[in-house]
Amino acid sequence: MDFDERRNSPVFTGALLWQQVKEQSDYCDFTVKQGLWSKRYHECVVCVSPFVQAMIRNTFNENTKGFLELKLGSPESIDMVMMFLYGKSPKLTIENVSVMMHLAEFLLIPKLKAFCADFINNETKVDKENVEKLLHLSSIFDFEIHALTKYIRQHLPELLGGNQLMTITADTLENMFSDATLSYVTADVKFEFIMRWVKRSPEQRKPNLDAIIAGIFLPEVTVNLIKKAKGDKFFEDLQVLNGTDSEVGVRMQNVFITNNHFDCEDFWVFDLGQQKWFRLKRNTREPWNEYITYNYDKSTLCLVEKNPYLVPIIRFLNFSVLDELYCTSKRLPPCFDSIYILNKVCYTVLNEPQKISLSNETLRSYRKSLSGVPFNFKRLYQRPTIFVGAIKGNREDSNFAPLMSLNVNFDVKICVNEAKLVALFSKTNRFFCIYDQQSCKMHKIDVKLTHKDEVSPFKDGFVIHNRNNEIRFTQSRTGLYNERLFSVYETCPNDDDDFCIFAVVGNKWVRFRQTYEYSNHAECNTLDYTTDELGKVNVDDVKWKQIPHPNVKIDASIILNMQEIQIPSSKLKCNVICPHCDRIKDEARVASRHSQIGTFRYLDDYEDYYDDYGYDYSDNDDDY
């Protein structure tokens with residue numbers, strides 16, 4: 001017999017077997033029944049199912065033709081399961097996938113179960129109509145539906161308010177309420193759901209109430225809901241509800257507020273009381289350059305936007321308002337370089353004005369802003385000049401008057417502490433001096449600054465720190481005739497090889513430390529803070545309190561603009577990894593994309609282009 005010497009793949013016999021099943025050939029020697037329906041298949045093929053194989057071995061003799069009678073499923077679903085053993089993929093829908101998974105489990109066909117699970121994960125869109133059914137499937141057949149998990153985490157308040165999650169298990173509910181990323185759900189919503197959930201099956205669910213309620217911060221539950229629970233027969237004997245009447249009024253929390261370099265859209269907030277991280281919506285799209293301490297109101301944060309080509313703007317964000325983030329803005333005269341605010345007094349420095357071309361209109365605005373103080377602009381501002389202005393009222397503009405000029409030929413920056421001492425310094429010229437506003441005297445401090453140094457106010461003194469772990473602390477005290485004397489303390493709080501950065505936040509020190517774990521070959525970032533006065537306290541006696549890691553990527557930028565303020569506890573809802581916030585951002589991006597696409601008819605433009613140039617733009621989904 002002639003043969004082809006070329007190497008070819010073996011002949012595929014699946015089509016022949018399919019044809020025999022379709023024609024119900026005599027070669028099909030195994031019958032499957034369901035009610036009045038029956039169909040024959042090949043015994044050697046259906047034996048792939050361990051259930052069928054065990055049944056044939058234990059029940060039938062060699063000369064007996066076997067059959068299998070099923071009580072579940074439908075003729076269509078059973079035929080699809082059997083043909084799956086022949087290598088034919090079933091046509092799954094959201095209506096029949098549940099039956100297919102039941103048959104796959106009953107007949108011990110794990111590949112079919114995995115095929116159904118992949119269909120649900122990849123082809124099924126989760127919505128409020130099918131979430132209950134999908135949750136039931138995932139719990140019965142013990143597999144995870146990633147889209148369902150994401151949907152529940154993003155729409156949890158709506159689902160807890162409905163009946164879709166009434167079949168959820170106690171373990172899942174306990175894990176859900178203890179999950180920090182789901183902290184955006186209010187305590188009332190969680191507690192009210194538990195009261196409805198336990199009534200579905202009191203005998204089985206009531207023993208788990210203590211563990212579930214432990215994941216709810218009971219002081220945030222309203223008084224009426226607590227009273228309702230105490231009168232409920234399923235909750236009246238719970239000890240955790242005794243003495244848990246909610247506090248009346250607004251509870252303020254001391255927090256560290258900052259923004260991470262990897263998430264500039266929102267504020268990051270660390271609650272010093274609960275020792276937890278939260279995300280706070282910014283409600284303002286304008287960029288800023290730095291934060292400024294605002295001592296007059298502990299609930300207000302100052303953001304400064306400095307642009308060499310625009311008017312500097314200070315934005316005051318008031319977090320004490322419960323419903324929204326209240327923002328007011330103040331415009332400063334242009335060309336100011338360094339800005340600092342103490343209480344309601346703003347200090348600014350104008351460096352080298354001769355390099356800036358000022359129009360007549362700008363000069364008139366300067367003269368007006370200086371409250372009619374007569375001066376020769378060109379003669380006075382040939383040197384760095386300090387301006388002082390009061391920030392008050394609802395006016396956008398503020399009045400500034402010159403305080404003094406320095407007889408130096410380089411740029412200086414400014415910093416003010418609680419004792420109203422003004423630090424004037426220059427990193428490029430290693431210059432540092434302190435001006436006493438009470439005695440109107442200038443004190444030059446023997447401290448050499450470098451470009452790596454940062455200057456921050458600390459109580460009645462100033463702190464100079466850098467990335468080389470060197471900290472210098474200047475403290476003032478009153479001597480004879482009320483003359484101020486200054487002392488300088490130096491320390492090096494970290495002697496190992498770790499990368500470490502310090503920041504002064506109010507009256508606390510915050511440290512970002514980066515270590516390398518040679519065992520895991522990975523970098524480890526840690527945050528901690530202390531109330532000890534570095535520079536005066538012995539390094540070995542400093543007590544650091546570690547800040548829990550936010551479980552997302554961070555770098556040193558997280559402490560560079562950090563400030564300590566007070567925020568109502570009701571605003572601390574969303575974790576830094578918040579599914580609810582991610583959903584809102586995704587919906588905003590999609591809406592923005594649709595609004596941009598809606599202004600153009602891209603498809604029509606492409607069709608016209610192809611018509612003009614003779615291209616074929618027919619739709620071929622399979623080829624694609």
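Throughout, read-outs are computed from the coordinates displayed, never taken from laboratory work. What you see is a predicted model, and the numbers here were worked out from it, not measured in a lab. For neighbour counting, all protein chains shown are included, and Cβ atoms are generated from backbone atoms with ideal geometry for every residue, glycine included.
Worth pointing out:
- Net +/- balance of residues flanking residue 182 in space, Cβ distance below 13 Å, scoring K and R +1, D and E -1: +4
- If you take all other residues with their beta carbon under 12 Å from the beta carbon of residue 88, and give Lys and Arg +1 and Asp and Glu -1, the sum is +1.
- In terms of other Cβ atoms within 10 Å, 29, 541 run from fewest to most in the order 541, 29.
- Among 279, 583, 589, the ranking by other beta carbons within 10 Å of each residue's beta carbon, starting with the fewest, stands as 589, 583, 279.
- When each of 459/536; 125/573; 413/545; 553/585 is checked by Cα-Cα distance, pairs over 24 Å: 125/573; 413/545
- Across all directions, the shadow cast by the convex hull of the range 161-270 built on its C-alpha atoms averages 8.8 square nanometres.
- Calculated from backbone phi, Karplus (6.51, -1.76, 1.60) coupling profile of the range 430-447 in Hz, x at Gly/Pro: 6, 10, 8, 9, 10, 9, 8, 6, 6, 9, 6, 10, 9, 10, 8, 9, 7, 9
- Exposure proxy for 421, 485: other Cβ atoms within 10 Å of each Cβ, ordered fewest to most, give 485, 421.
- For the range 138-248, the number of Lys pairs with C-alpha atoms closer than 24 Å, counting only pairs eight or more positions apart or on separate chains, is 15.
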